[in-house]
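The values are calculated or read from the model by the stated rules, or taken from the named source; none is laboratory data. Source: prediction; values computed, not measured. Methodologically, a virtual Cβ is constructed for each residue, glycine included, from the backbone with ideal geometry; neighbour enumeration extends over all protein chains shown. These accessible areas exclude ligands, DNA and RNA; they are computed on the full protein's heavy atoms, side chains included. Shrake-Rupley method; radii C 1.70, N 1.55, O 1.52, S 1.80 Å.
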Amino acid sequence: NYGSDEDAYKNILKQYFGVESEKELEEKLRLEYKRTNAVKDYVKKNLKDDEIKKYYEENIYGDMKASHILITADVKDDATDEEKTEAENKAKEEAEKIIKQLDEGKKFADLAKKNSKDESNASNGGDLGYFSYDDMVEEFSKATKELKVNEYTKEPVKTEYGYHIILKTGEKKKPKLDKDIKEKLQEQKLNDDQGLYYEALLEIRKENKIKWNDDSLKKAYNDYMNNLIETARTQSNNIQ
């Protein structure tokens, strides 16, 4: 990006990465990579059996099969907020009318062919085939999971794509508990609690019997790490 402008390049390295040269940046990236792997291994090693079982029961699902009818808000790029809200409300009302037609006995596939704005499957009655929980946006997968087979949503499901009416048509058994579960649980724990990263580093250093010969340096280190943990947890709470 910076071509032959070496001064600008060095300024960027210092401003964004806190290093003076490309070699220092490489060393920093290597250290961060090794440190992150060490933390992941530590968290995974210390997972408890009841944690693993709970995560498996609450977060691992068998593939689901569904059809949907997508209704989108018809808005122009330069639409005002008021016009966007009006279009959203109109789309939701249209989706609610389709649900009423389903309640009256109309066939889902016929309504999908006639009304769905998802051109990739509307002609096929809205059939999406089998998909895993993570294949779809959260709102769609959660709504599908809560349905029984051959049951459709009684309220439109809103996602970034518009309003969906979802018909669940199949569900497979959840996969057996295996080693991949630990990997997923470890990732979730680190995502949910960003302070855990720094706590793990503290524990790793204790396990490896790091000794401090300078009390003032030891205090500065502990204060620094505790500040990192507190800041990370505050950020995690704000995001949630």
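Could you tell me what percent of the accessible area of the chain is made up of carbon and sulfur, with a 1.4 Å probe and every protein chain present?
That share works out to 45 percent.
Considering the dipole of the range 9-93 built from charges on the beta carbon (Lys and Arg +1, Asp and Glu -1) around the Cα centre, which of Tyr16, Leu29, Ile60 is farthest to its positive end?
With unit charges placed on the Cβ atoms, the residue in question is Leu29.
Counting trypsin sites (Lys or Arg not before Pro) as exposed when in a DSSP loop with at most 12 other beta carbons within 10 Å, what is the longest stretch of the chain free of them?
In short, 1-47.
Treating the beta-carbon of each Lys and Arg as +1 and of each Asp and Glu as -1, no other charges, what is the dipole magnitude of the range 62-210 about its Cα centre, to the nearest 20 debye?
Using only the charged Cβ atoms, the result is roughly 960 debye.
Only one of the values (1) 79, 52, 30; (2) 48, 40, 35; (3) 52, 36, 32 was calculated from this structure for Cα extents along the principal axes in Å; name its label.
(1)
When the chain is treated as a GNM, springs tying every alpha-carbon pair under 10 Å, which of Glu26, Glu57, Glu146 comes out with the largest mean-square fluctuation?
Glu26
At 1.4 Å probe radius, can you tell me the per residue accessible area of the range 49-205 in Å²?
64
Quick check: the angle from helix 81-103's long axis to the longest principal axis of the chain, C-alpha only, nearest 10 degrees?
Once rounded, the angle reads 60 degrees.
Multiplying the sequence separation of Tyr9 and Lys209 by 0.36 nm and subtracting their Cα-Cα distance, what value in nm do you get?
In short, 68.0 nm is gained.
Which of these, Asn222, Asn150, Asn208, has the largest mean-square fluctuation under a Gaussian network model of the chain (Cα springs below 10 Å)?
Fluctuation is largest for Asn208.
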